[in-house]
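Just so you know, all these numbers are worked out from the coordinates, no wet-lab data involved. These numbers were taken from a predicted model, which means no experiment stands behind them. Glycine gets a Cβ as well: all are built from the backbone with ideal geometry, and neighbour counts include every protein chain shown.
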Amino acid sequence: MSKFFKNMSYDRALEKALWYCSFQERCVFDVENRLRAWNVKREDWDKIIDLLLEQNYLNEKRYIEAFVRGKFVIKRWGKIKIVAELYQKKISGKIVSEAVENEINDDDYQEAIVQLIDKKKKLLNEDDPHKLKEKLYLYLLSKGYESDLILKFL
């Protein structure tokens with residue numbers, strides 16, 4: 001993507017960054033990747049990001065809450081996968097663990113595990129109960145659920 005842009009000016013990059021952050025929650029990592037793709041000078045990055053934070057276009061707490069809610073409700077990810085994905089975006093710490101605890105209700109979490117098990121069972125053509133259990137276990141692990149909870153519901 002970077003081959004399409006030649007050292008974008010500060011004003012143009014700021015305009016594009018404001019638009020980029022206005023229609024969806026973003027984190028600093030996402031904006032940095034976009035600035036890199038636009039070939040914005042490195043010394044302009046901090047000014048642009050500071051302005052976005054100051055004008056509340058970027059808000060890490062708001063981003064984390066939306067991310068956690070979205071990945072759990074829409075993609076049915078478990079807590080482990082959500083935290084790992086945020087870590088890849090260079091976001092970690094107390095605010096992440098608080099958001100995971102606040103945004104994901106324990107009853108909904110357990111219900112999601114049961115629903116995923118039922119849905120996956122219908123898709124698997126496995127006669128051997130041990131192999132079926134193993135496949136379900138690995139599937140739920142890949143979705144980011146805790147092994148003790150998976151075993152509890154299997």
- request: Could you work out the per residue convex hull volume over the alpha carbons of the stretch 60-103, in cubic angstrom?
  value: 59
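May I ask for the Kirkwood hydrodynamic radius of the stretch 16-154, worked out over all distinct Cα pairs and given in angstroms to one decimal?
Working: mean 1/r = 0.0586 Å⁻¹.
Radius from the Kirkwood sum: 17.1 Å.
For the chain, what does -39500 (n - 2.57) per DSSP helix run (n ≥ 4), summed and divided by total residues, give at 222 nm, in deg cm²/dmol to the nearest 500? Could you put the intermediate results ahead of the total?
Numbers: 9 runs with 109 residues, N = 154.
Using -39500 (n - 2.57) per qualifying helix, the result is -22000 deg cm²/dmol.
Determine the alpha carbon to alpha carbon distance for each of Lys71/Lys143; Lys6/Lys90; Lys47/Lys89; Lys75/Lys143; Lys75/Lys119 and list only those over 18 Å.
Values: Lys71/Lys143 10 Å; Lys6/Lys90 27 Å; Lys47/Lys89 20 Å; Lys75/Lys143 9 Å; Lys75/Lys119 14 Å.
Flagged as over cut-off: Lys6/Lys90; Lys47/Lys89.
Would you mind getting me the FRET efficiency between Arg12 and Ala66? Use the beta-carbon distance for r and R0 = 30 Å, nearest 0.05. Could the numbers behind the result be given before it?
Numbers: r = 27 Å, r/R0 = 0.91.
That gives a FRET efficiency of 0.65.
Which whole-number percent gives the relative contact order of the chain, counting Cα pairs below 8 Å spaced six or more residues apart?
Working: 134 pairs, mean separation 33.1, N = 154.
The value is 22 percent.
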- line: Computed D for the stretch 13-63, Stokes-Einstein, Kirkwood radius over alpha-carbon pairs, 4 °C, 1.567 mPa s, to the nearest µm² per second, is 122
- line: Residue by residue through the stretch 76-85, the couplings from Karplus 6.51 cos²θ - 1.76 cosθ + 1.60 with θ = phi - 60°, in Hz, x for Gly and Pro, are 6, 6, x, 4, 5, 5, 5, 5, 5, 5
task: Taking the chain as the reference, fit the longest principal axis to its C-alpha atoms, fit the long axis of helix 129-142 to the helix C-alpha atoms, and give the angle between the two in degrees, 0 to 90, nearest 10.
output: 20
message: Contact order normalised by length for the stretch 106-153, with contacts defined as Cα pairs under 8 Å and 6 or more residues apart; what percent is it?
response: 41
task: Per residue, how big is the convex hull around the C-alpha atoms of the stretch 1-96? Give it to me in cubic angstrom, could you?
output: 108
- prompt: Scattering from the C-alpha atoms of the stretch 106-153 alone, worked out with Debye: what is log10 I(q)/I(0) at q = 0.18 1/Å?
  reply: -0.50
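Suppose R0 equals 35 Å. What FRET efficiency, 1/(1 + (r/R0)^6) with r the Cβ-Cβ distance, do Ala37 and Ile95 give to the nearest 0.05?
0.85
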- request: Mind giving me the nanometre distance, one decimal, between the label points for Gln55 and Leu124, set 7 Å out from Cα along Cα→Cβ?
  value: 5.1
task: Could you list which residues have their amide H under 5 Å from that of Tyr57, counting only those 5 or more apart in sequence or on another chain, with H placed in the peptide plane?
output: none
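Using Cα pairs under 8 angstrom and six or more residues apart, how large is the relative contact order of the stretch 60-103, in percent?
Computed value for the stretch 60-103: 49 percent relative contact order.
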task: Between Gln110 and Gln88, with labels modelled 7 Å along Cα→Cβ, what's the label distance in nm to one decimal, could you check?
output: 3.0
task: Run down the aspartates and glutamates and flag those whose C-alpha is under 16 Å from the C-alpha of Lys61, throwing out any fewer than 8 positions away in its chain.
output: Glu25, Asp30, Asp50, Glu85, Glu98, Glu101, Glu103
